[in-house]
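The values are calculated or read from the model by the stated rules, or taken from the named source; none is laboratory data. Not measured: the values here are computed from a predicted model. So basically every Cβ, Gly included, is an ideal-geometry build from the backbone, and we count neighbours across all protein chains shown.
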Amino acid sequence: MQNFTTILYPILLTILTGFLGYLGKEVVKIVPKLVDLILARIGLAKYEKAKLVGLDIWNVIEEHFRLSEIIGDTISAKRKMFESLIKIKIPSITDADIEFVRQAVAGEVNKDKPLVIKAIEEATAPIINVIAVTPITKYVAPDGTELTPVAVANKILEETAAQ
């Protein structure tokens with residue numbers, strides 16, 4: 001029995017070492033991809049948070065400028081106000097990220113603007129083909145039967161006679 005175990009242990013140790021070596025190689029291949037995936041998810045979560053904060057700030061700025069009239073360049077005033085408010089809400093954000101978030105929020109807000117402008121233009125466009133409509137007057141007898149006016153009856157008789 002002792003001979004059997006002395007032969008079996010080196011074989012098992014070789015198999016175990018080979019398996020652990022293979023497993024180590026695969027782990028080394030997978031770990032960088034896993035780290036990239038985790039960093040991408042963290043980055044996406046940060047981006048989504050920044051975009052939501054940016055959208056809230058955009059709405060605050062729009063409401064502020066709607067309620068108060070500011071003389072001067074309102075676009076640059078809105079941009080400065082956006083930058084200062086988003087730096088307050090997200091202190092770690094960079095200027096490049098602020099510009100990216102601002103443009104993303106502007107795109108989100110303005111995505112339906114062409115449709116709204118088109119609907120307004122169509123609603124205010126002059127009507128070219130105007131058709132005059134004359135109301136139809138019906139006369140009804142007390143018993144509920146429809147009466148034909150004399151002028152209409154004469155016109156029907158003339159049309160019938162002409163045919």
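Residues in the stretch 59-81: is at least one farther than 21 Å from ALA104 by Cα, β-branched (Val, Ile, Thr) and either free of Cβ contacts under 8 Å to residues at least 60 places away in the same chain or surrounded by 10 or more Cβ atoms within 10 Å (Cβ to Cβ) (or both)? Yes, some residue in the stretch 59-81 is farther than 21 Å from ALA104 by Cα, β-branched (Val, Ile, Thr) and either free of Cβ contacts under 8 Å to residues at least 60 places away in the same chain or surrounded by 10 or more Cβ atoms within 10 Å (Cβ to Cβ) (or both). Could you run through the stretch 82-91 and say how many residues are β-branched (Val, Ile, Thr) and surrounded by 13 or more Cβ atoms within 10 Å (Cβ to Cβ)? Adding up the residues that qualify gives 2.
Remark: LEU37 falls outside the filter, which requires a residue to be among the hydrophobic types (A, V, I, L, M, F, W, C) and modelled with pLDDT of 85 or more.
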